[in-house]
Amino acid sequence: GLLQDERCVSPEECPCHHNGRLYRPNDTIVRDCNTCVCRRQRWHCSSRQCAGTCVATGDPHYVTFDGRAFSFLGDCEYVLAREADGLFTVTAENVPCGAGGVTCTKSVVVTLGNTVVHMLRGEAGAEEGARGPAGPLALSAGAALAGRDVTVNGVSVRPPKVYSGNGLTLERAGLFLVLLSRLGLTVLWDGGTRVYVKLDPQHRGRVAGLCGNFDRDAENDFASRQGVVEPTADLFGNSWRVSLLCPEVDGEDAEHPCTENPHRVPWARKRCSVLTQRLFAPCHDAVPCQQFYEWCVFDACGCDSGGDCECLCTAIAAYAEECSQRGIHVRWRSQELC
């Protein structure tokens, strides 16, 4: 037998570990879309294929379907995900929103066959093709979603809207504008700086773009449009420009926003430290917070044109959303914080 709490137990009674907690035999936990059962100190999990989620958040931070995280300061329109047979393409256009080369998402375009859905940030008055930030960038996400900011094949629509012919639904959920397609694609956008692309498992290994190829291997996610695995995020990102008229990004020239704005560093560190402290502690084992903390500081230093609180709140919300996906719900918004 084995010892537990000073008494002898048989191996069948031994607990399992997960996120720093002990679980008794026959206890279950949920991992992604699979359920795991504790038996003889081991987790036995079902092996369903799960959907994948790619995130583009904050200034220019990305997490691919396979979990590779990188920053890319491109100021242009880029392919996030394109299906191999052209079933769908999701692109996002980034525009400058701070002095230090920091960019934010201005619009998201989803093409499904011959249907083009254009989600545009900010006021209805922002004409198509108008370059540069649409209206003041300090808009709250709610304000950004107001106005006629969704068009389908050029026609302005107000969600909720269902197109039964091509299996397309547009709706609002909380802060997000949601596009659902029966092709197994979901796109969520908060009208500001967070875009989520979710794919059903049938698209595994059949997509390419800044979101990677969804083949469960993060190592090969930097595959360029030409199919070459690039050594740097900049070479990879540049290859997915929609228009070659866009300038290429050379990250070597870019200063870290905190170097450009040293006066903002104490504020940024203080505000972002909420991610590393007690409030989010229940999530730290499930989702390491260091990457999100660094991104938060980067964004909080970089967003200097009035939208500083939006950038900060987005950075914290991005981490909170990762926690939520794993069943850990942190109530973090308050009068003092976002």
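The values are calculated or read from the model by the stated rules, or taken from the named source; none is laboratory data. If you're wondering where the values come from, they're calculated on a predicted model, not measured in any experiment. Heads up, the Cβs are rebuilt from the backbone with ideal geometry, glycines too, and the neighbour counts pull from every protein chain shown. Just the protein is used for accessible areas: all its heavy atoms, side chains included, with ligands, DNA and RNA removed. Shrake-Rupley method; radii C 1.70, N 1.55, O 1.52, S 1.80 Å.
So here's what we get for this one:
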| read-out | value |
| --- | --- |
| Pairs where the first residue, in region 193-209, is outside the structural domain of A320 (by the TED database) and the second is modelled with pLDDT under 95 and in a helix (DSSP H, G or I), C-beta under 6 Å, 6+ apart | T193/T314; R194/T314 |
| Pair list, Cβ under 6 Å, 6 or more apart: region 265-293 residue touching a residue at least 24 places away in the same chain (Cβ under 8 Å), other residue open to solvent by less than 70 Å² (accessible area, probe 1.4 Å) and among the acidic types (D, E) | V287/E322 |
| Checklist (1) part of a loop (DSSP other than H, G, I, E, B); (2) in contact (Cβ under 8 Å) with a residue 40 or more places away in the chain applied to F70, failing item | (1) |
| Among (1) buried (at least 22 other Cβ atoms within 10 Å of the Cβ); (2) over 22 Å from D32 (Cβ atoms); (3) out of contact with any Ser or Thr (no Cβ under 8 Å at 6 or more places or on another chain); (4) not aliphatic (A, V, I, L, M) - the single one T64 does not satisfy | (2) |
| Total residues in region 204-248, condition among the acidic types (D, E) and under 19 Å from T103 (Cα atoms) | 2 |
| Which listed residue is assigned to a loop (DSSP other than H, G, I, E, B) and either within 22 Å of the chain's Cα centre (by Cα) or modelled with pLDDT under 85 (or both), from V297, V274, V287 | V287 |
| Residues of region 154-175 that turn out to be surrounded by fewer than 18 Cβ atoms within 10 Å (Cβ to Cβ) and either under 15 Å from the mean Cα position of the chain (by Cα) or not in a loop (DSSP other than H, G, I, E, B) (or both), as a count | 10 |
| Per-region count, region 92-111, residues at pLDDT 95 or above and surrounded by 22 or more Cβ atoms within 10 Å (Cβ to Cβ) | 1 |
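Yes or no, residue by residue, for (1) touching a strand residue (DSSP E or B) at 6+ places or on another chain (Cβ under 8 Å); (2) among the polar types (S, T, N, Q); (3) buried (at least 21 other Cβ atoms within 10 Å of the Cβ); (4) closer than 21 Å to V55 by Cα:
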| position | (1), (2), (3), (4) |
| --- | --- |
| V178 | yes, no, no, yes |
| L183 | yes, no, no, yes |
| V195 | yes, no, yes, yes |
| D217 | no, no, no, yes |
| E230 | yes, no, no, yes |
| V242 | yes, no, no, yes |
| K270 | no, no, no, no |
| S273 | no, yes, no, no |
